[in-house]
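Just below is one structure, and these are the notes that go with it.
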Amino acid sequence: MRVYVPLTLPGLAEAHQAGELGPAPLRAYAVTPGLREWYVSDDLEELEYAALGRAAAASLRLLAEQDGAPRKRVVVAVDVADEAATAAPGDDEAALGRVTLAAAVRLSVAAAVHVDADEALGDVTAAAAALEAADAGDDDAQSTVDGAEDHELLWFGVQEIPGLLK
């Protein structure tokens, strides 16, 4: 199963230095039965893209909590055994696709690292600042948050992590 682990650039730097994503339990996103039902698709590629989007939104939330972190969403894609990931309980939209990994995962086995392009910085910065108001029901703030989703995350190989951290 492919899982998508939301991080920030400082979190990626820590994982790179430690050689693993962790410590456990580790929150990630994947194609779960709930996500399949919500997205209404049988196309695995589309479903994985939806799980990646859920992880990118979680990365944005991490950015909102870390004032000093560079304003780029980061998601690490890792393949794990199906039994290594436990779907989050609940039927609410926030739990869709969320899984928990019971053990740390070696970073060297990651399939890819997804990171915002420099062009996304303004929108991601504004979205992180608007999250609290959006959560409180402010439609304008929600529109700002949605603006970050208009930016596709770029794909990088694990060997490119040092360059991403400069």
- Note on the structure: In nm, the gap between the two label points placed 7 Å beyond Cα toward Cβ at Ser41 and Ser108 is 3.4
- Query: Using θ = phi - 60° and the Karplus curve 6.51 cos²θ - 1.76 cosθ + 1.60, what whole-Hz ³J(HN,Hα) does each residue of the stretch 80-88 get, with Gly and Pro shown as x?
  - Reply: 10, 5, 3, 6, 6, 10, 10, 5, 5
- Task: Let me see the pair-distance distribution of the stretch 1-51: every alpha carbon pair, 10 Å bin width, integer percents in order.
- Result: 24, 41, 25, 10
- Query: What is the extension gain from Ala18 to Gln159, computed as 0.36 nm multiplied by their sequence separation minus the C-alpha to C-alpha distance, in nm to one decimal?
  - Reply: 49.3 nm
- Treating only Lys and Arg (+1) and Asp and Glu (-1) as charged, each at its beta carbon, one finds that the stretch 40-166 has a dipole about its Cα centre, in Debye to the nearest 20, of 840
- Tell me, what HN-Hα J-couplings in whole Hz come from the Karplus equation 6.51 cos²θ - 1.76 cosθ + 1.60 at θ = phi - 60° for each residue of the stretch 63-76, using x for Gly and Pro? 4, 5, 8, 10, 3, x, 6, x, 7, 10, 6, 9, 9, 9
- Taking H as built 1.01 Å from N, whose amide H comes closer than 5 Å to the amide H of Ala24, not counting residues under 5 places away? Ala104
- Task: With the cut-off at 23 Å, report for the stretch 75-166 the share of all Cα pairs above it, as a whole percent.
- Result: 45
- Note on the structure: Computed over the Cα atoms of the stretch 2-159, the Rg and Dmax in Å are 15.0, 41
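For Glu48, what charge total do you get from the other residues with a beta carbon under 13 Å from its beta carbon, if Lys and Arg give +1 and Asp and Glu give -1?
The answer is -2.
All of the numbers you see were taken from the coordinates with simple rules; none came from a lab. All of these numbers come straight from a predicted model, not from anything done at the bench. All Cβ positions, glycine included, derive from the backbone under ideal geometry; neighbour counts span all protein chains shown.
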